[in-house]
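Peer 1: First the structure, then my questions, so here it is.
The numbers here are math on the coordinates, done by the rules we state, and not lab data. Just so you know, these numbers come straight off a predicted model, no measurement behind them. A quick note on method: Cβ atoms are made from the backbone with ideal geometry, for glycine too, and the neighbour counts reach across all protein chains shown.
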Amino acid sequence: MGGMDTGRRPRAGIVVTGSELLTGVIADRNGPWLAEKLSELGFEVAHLLVVGDRAGDLAEALRFIADAGAELIVTSGGLGPTADDLTGEVVAGFAGVDLVLDEAMEAHIATILATWAARTGFGGPALEAANRKQAMVPRGAIPLDPVGTAPGLVVDRPGGPLVVVLPGPPRELQRMWPSALAAAPVAALLDRVPRAAARSLRYFGLPESEIAATLRAIEAEQDLSGVDITTCLRHSELEVDLRPRPGTEDVAAKLADELAARHAKHLVSANGESTDELVARALLDAGLTVATGESCTGGLLAGRLVDRPGSSAYVAGGVVAYSNEAKVEMLDVPAELISRHGAVSPQVARALADGARSRFGADIGVGITGVAGPDGGTEAKPVGYVCFCVTTAAGRVISRDPVLPGGRADIRERSVDLAMHLILRAAGGAEDE
C-alpha cells in the first residue's frame with residue numbers, strides 16, 4: 001500500500017454476512033458499531049454492505065470495496081463450524097492464498113470445546129470436525145484468539161486492502177476488536193491514519209431546517225468544503241457531526257463553536273456527550289436521587305436510567321402504575337383526582353411524580369401518563385398526548401403536556417427522551433421555560 005493522500009482520509013469498507021440479516025429475522029448491530037469505531041480512528045467509511053451466506057456474493061462485495069479504493073476491509077460473520085460459514089475460505093481466495101491448518105489454534109479451540117462438551121454432553125466426530133474447520137486459516141494470516149470458539153483473522157493481501165475478519169455475534173466481535181487493532185499489520189496502518197479530531201453537537205427541540213439555514217449562511221462567508229458535515233435525528237435529538245479532512249481541523253473547530261453559539265438555547269452538548277451521560281453526571285455532582293412513576297412508558301424511563309453502570313448511586317427506584325388502581329394504591333394518587341381530571345392529565349402526572357418521590361425518599365420525582373395509542377384518543381386528548389411532571393424536594397415543579405408524533409413505540413420512546421431532558425433540567429438547576 002502506498003502513502004495516503006494528505007487531502008483526504010483513508011477509506012475503509014465493512015462487509016456483514018448472514019442470510020438472516022437479509023430476511024429480517026434479526027437486525028444488523030455489527031455494521032453500525034464498526035462504522036462508528038472506524039470513523040473514530042480516522043477512516044472514511046465508504047461502504048457498508050450486507051450479504052447473504054453465499055461465497056460468490058461475499059467475494060463480489062470484497063472486490064467491490066477493494067476497487068473503490070479502500071485500504072481496510074472489516075468483515076463480520078461466517079466463521080462458525082457449519083457449511084454456510086465461508087468467510088475464511090472466501091477471504092483466502094480474495095488474498096490469492098490457500099487455507100492451511102493452524103495446529104496451535106486447533107489445540108486452543110479443542111480446549112474450549114472440551115469444556116463445552118463436558119457440560120452439554122455433545123462431543124465426538126462432529127465436534128472434532130467443527131474444531132478443524134474453524135482452525136483452517138488463510139496462509140500467512142494472523143489468527144486472533146477466539147472469544148467464543150471462532151478465531152478472527154488479519155489477512156494482509158498483496159497490494160491491499162488489509163482485511164480484518166471478525167465473528168458475527170456482537171459480543172464476540174466487540175471483545176475481539178482490541179486484539180484486531182493490536183495486530184501488527186493493523187497497528188502499522190493505524191500509525192499512518194490521521195486522527196479524526198471530530199466534533200459532535202447535540203440539540204434538543206431544534207428543527208433540522210434551522211441548522212441547514214445556519215450552515216448555508218456560514219458557508220456563504222467561508223469555505224467549508226474540507227469538513228464533512230452530517231445531521232441526523234436520534235433519540236429525539238438533532239446530532240450534527242463535523243469530521244474535518246486532514247488540514248482543516250481549525251475550520252471544523254471554528255464551525256463547531258459558531259453552531260454552538262448560534263443555537264445555544266437548544267444545545268445539549270458541544271463535545272459529543274450524550275444526554276444519558278449528562279444526566280448521570282448532573283445527579284452525581286449534585287448528590288441527588290431520582291424516582292419514577294410511569295404509566296404509558298411502562299418502565300422504559302427507569303430502564304434507561306439504570307442502563308448505565310453505577311446508576312444505583314442516583315436511581316432510587318420506580319413504579320409502573322399502569323392501571324388507575326395501581327396509581328392509587330402504589331403511588332398514592334387520589335382517586336378523586338383521577339375521576340375529576342382523568343388518568344391522562346397534568347394533575348395526575350404531578351401526583352405520580354410526588355408519589356414516586358415520597359415512596360422512595362428521592363430528591364427528584366418523575367411522573368409520566370399519556371395516550372400511546374393506537375386507540376384511546378379523544379378530541380381533547382388525542383393519541384400522542386402525554387403529560388410529564390418533575391418535582392423536587394426543594395419544591396420545584398417542571399411540567400409539559402405535548403402531543404408527540406408517531407406510532408405507539410415512537411410516542412413511548414419520545415416520552416422517555418423528553419423525560420430525560422426534564423430530569424437534566426431539574427438536576428442541573430437550569431431555569432424552567
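Peer 1: Taking the Cα-to-Cβ direction at ALA394 and at ASP410 and moving 7 Å from each Cα, how far apart do the two end points lie in nm?
Peer 2: About 3.7 nm separates the two model spin labels.
Peer 1: If packing is taken as the average number of other Cβ atoms within 10 Å across a peptide's residues, how do 399-407, 411-419 rank, most packed first?
Peer 2: Taking the mean over residues of other Cβ atoms within 10 Å, the ranking is 411-419, 399-407.
Peer 1: Evaluate the relative contact order of the chain (contact order divided by residue number), counting alpha-carbon pairs under 8 angstrom at least 6 apart; express in whole percent.
Peer 2: After rounding, I find 10 percent.
Peer 1: List the lysines whose Cα lies under 30 Å from the Cα of LYS327, skipping any in the same chain that are fewer than 8 positions away.
Peer 2: LYS381
Peer 1: May I pose another question? Would you calculate, for the chain, the mean residue ellipticity at 222 nm contributed by helices, counting each DSSP H stretch of 4 or more residues as -39,500 (n - 2.57) and dividing by all residues, to the nearest 500?
Peer 2: Here the helix-only value at 222 nm equals -13000 deg cm²/dmol.
Peer 1: Follow-up. Between ILE112 and THR231, how high is the FRET efficiency from 1/(1 + (r/R0)^6) when r is the Cβ-Cβ distance and R₀ = 45 Å? Nearest 0.05.
Peer 2: It comes out at approximately 0.50.
Peer 1: Need one number: nm distance between label points at MET136 and SER323, each 7 Å from Cα along Cα→Cβ, rounded to one decimal.
Peer 2: 6.0
Peer 1: Taking the highest mean first, how do the peptides 304-312, 29-37 order by number of other beta carbon atoms within 10 angstrom per residue?
Peer 2: Ranked from most to least packed, the peptides come out as 29-37, 304-312.
Peer 1: Given R₀ = 22 Å, FRET efficiency for ALA187-TRP33 by Cβ-Cβ distance, to 0.05?
Peer 2: The pair ALA187/TRP33 has a calculated efficiency of 0.60.
Peer 1: Taking the simple approach of a point 7 Å from Cα along Cα-to-Cβ for both GLN174 and ALA104, what is their distance in nm?
Peer 2: 3.0
Peer 1: Any chance you could run the full-extension gain for GLU20 through ASP307? It's 0.36 nm times the residue separation minus the Cα-Cα distance, nm to one decimal.
Peer 2: Length difference between fully extended and current span is 100.5 nm.
Peer 1: Based on the mean of other Cβ atoms within 10 Å per residue, sort peptides 68-74, 13-19, 171-177 so the most packed one is first.
Peer 2: In descending order of packing, they fall as 13-19, 68-74, 171-177.
Peer 1: Moving on. To test your reading of the geometry: what angle, between 0 and 90 degrees and rounded to tens, separates the Cα axis of helix 208-219 from the longest principal axis of the chain?
Peer 2: Long axis of 208-219 versus the principal axis of the chain: about 60 degrees.
Peer 1: Another question about this same structure. Using the charge dipole of the chain (Lys, Arg: +1 at Cβ; Asp, Glu: -1 at Cβ; taken about the Cα centre), state which of TRP33, SER225, THR297 has its Cα farthest towards the positive end.
Peer 2: Among TRP33, SER225, THR297, the one farthest towards the positive end of the dipole of the chain is THR297.
Peer 1: While we're on this one: Any idea what angle helix 408-428 forms with the longest principal axis of the chain, computed on alpha-carbon atoms, 0 to 90 degrees, nearest 10?
Peer 2: Roughly 70 degrees between the two axes.
Peer 1: If the chain between ASP332 and ARG63 were fully stretched, how many nm would it gain, using 0.36 nm times the residue separation less the Cα-Cα distance?
Peer 2: That pair, ASP332 and ARG63, stretches by 90.3 nm at full extension.
Peer 1: Just to verify a number: FRET efficiency for ASP241 and ALA220, C-beta to C-beta distance, R0 = 22 Å, to 0.05?
Peer 2: FRET efficiency, ASP241 to ALA220: 0.55.
Peer 1: Could you tell me how many degrees, from 0 to 90 and to the nearest 10, lie between the Cα long axis of helix 103-120 and the main elongation axis, the longest principal axis, of the Cα atoms of the chain?
Peer 2: Tilt relative to the chain: about 50 degrees.
Peer 1: From the list (1) 76, 57, 39; (2) 131, 58, 46; (3) 77, 68, 41, can you say which value of Cα extents along the principal axes in Å was derived from the structure given?
Peer 2: (3)
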